[in-house]
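Structure record follows, encoded as structure tokens.
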């Protein structure tokens, strides 16, 4: 397998970097490129490609020279480990190959994050993926569901790729810069480390995907057996769930008093505690700052968890919780609708260390020896036309309020 320090010709370096040979020679003479003993390498070509991008973005030669000297551009060598883009096809060519309409191909490419101006530059890899999607459609998979899956895959993929790059930069590249590692040595070390790491990514992701796929298949089967609401043809993407929002009261003030780093550490511990303690059938939908949205098909179990969860925090800022049962539209891995919005309004009325639930949750819980559900009356909520009947949930025989 070729590595970043294998010798290549200057013409090959020009081809890989997209920089003319004459410019490469000039940059080498100006010490913008590290060319030891006149030997060009894949790492040097990667560095030239990054320098070319920096020049296009308006950075001066002095700024770039300083970045090269400090090793800040050395990460570019890792790019050589990734498959290079292959030949391009137009949308019309791709449509003929895969048997999909051009407008649909354009829509899929847009969901994948391809700028509209580049949707006529479709690679062989894009075509292969489009062929798989076309096969799913031919086998009866609904188009609306396929497009949502593509969007969810793209969103997850972007987060994964960003995390890989950010963490590699923070915990590998930056320490090397601080330690004064020579730029070429830095590039070679990072390329060697990444070459060991990258082959493990696909198997690990496949394992994680299979693990959760089995879990949600089981949950779906159970949900079909126990669901109270019948399926309707008019709303095939509507589901009945318990919705829960958890946030930290006074978090903005805490950040102002303690600083961003302390606040970030607190949020990380808070979210990790939610993840570690949730009941098996509950799922984190998303986190927004200091707020976590959770869904579950078991209102009683979710409420019992919330009451116990709040006992784990006795220092400010303390969490607060709101839970409501209702219907929502499931779209792109998220839940939307008035019942979700209502839950969010309820959590804004909760006090620190308090679990507020609505009447539908109380009805769903029924008789229980583990919870006390104290009515506090009908409460006017912002944006909700009718007053909402709320209850404070506490552990049985232990009043937290």
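Footprinting exposure proxy ranking of 137, 100, 32, 167, fewest other C-beta atoms within 10 angstrom first, gives 167, 137, 100, 32. Peptide packing for 311-322, 138-149 was compared via the average number of neighbouring C-beta atoms within 10 Å per residue; ordered from the highest value, the list is 311-322, 138-149. Label-to-label distance for residue 178 and residue 379 is 4.5 nm, based on points extended 7 Å past Cα in the beta-carbon direction. Here the gap between residue 185 and residue 334, fully extended at 0.36 nm per residue and compared with their Cα-Cα distance, gives a gain of 49.1 nm.
When peptides 353-359, 331-337 are sorted by average Cβ neighbour count within 10 Å, with the highest value leading, the order is 353-359, 331-337.
Whole Å is fine, so just give me how far the alpha carbon centre of region 237-251 lies from that of region 336-359. Value for the Cα centre distance between the two parts: 7 Å.
Taking a ≥ b ≥ c as the square roots of the eigenvalues of the alpha carbon gyration tensor, region 88-179 is prolate, as a/c is not under 1.5 and a/b beats b/c.
When both region 27-41 and region 152-203 are represented by their alpha-carbon centers, they are found 24 Å apart.
Counting other beta carbons within 10 Å of each Cβ, put 209, 344 in order, fewest first.
With the sparsest Cβ surroundings first, the list reads 209, 344.
Could you tell me whether region 276-401 comes out rounded, prolate or oblate from its Cα gyration tensor? Rule is a ≥ b ≥ c as square roots of the eigenvalues, rounded for a/c under 1.5, then prolate if a/b exceeds b/c, otherwise oblate. Rounded. Across the chain, the mean sequence separation of Cα contacts (distance under 8 Å, 6 or more residues apart), normalised by length, yields a relative contact order of 11 percent.
At 222 nm, what helix-only mean residue ellipticity would the chain give, in deg cm²/dmol to the nearest 500, using -39500 (n - 2.57) for each DSSP H run of four or more?
-16500 deg cm²/dmol
Under 20 °C and 1.002 mPa s, how fast does the chain diffuse according to Stokes-Einstein, given a Kirkwood radius computed over C-alpha pairs? Answer in µm²/s, whole number.
Estimated via Stokes-Einstein, D reaches 84 µm²/s.
Global dimensions of region 135-182 from alpha-carbon coordinates: Rg and Dmax equal 19.1, 58 Å. Between helix 183-226 and the chain there is an angle of about 30 degrees, using the helix long axis and the longest principal axis of the Cα atoms. With the Kirkwood sum run over all distinct C-alpha pairs, region 7-81 has a hydrodynamic radius of 12.0 Å.
Cβ crowding within 10 Å, taken as a proxy for footprinting-reagent exposure, orders 105, 10 from fewest neighbours to most as 10, 105. Remark: spin-label model distance residue 161-residue 311 equals 4.7 nm, labels positioned 7 Å along the Cα→Cβ axis.
Only the coordinates and a few stated rules stand behind these numbers; no lab work does. Here the structure is a predicted model, which means the values were calculated and not measured. In this analysis, Cβ positions are derived from the backbone assuming ideal geometry, glycine residues included, and neighbour counts consider all displayed protein chains.
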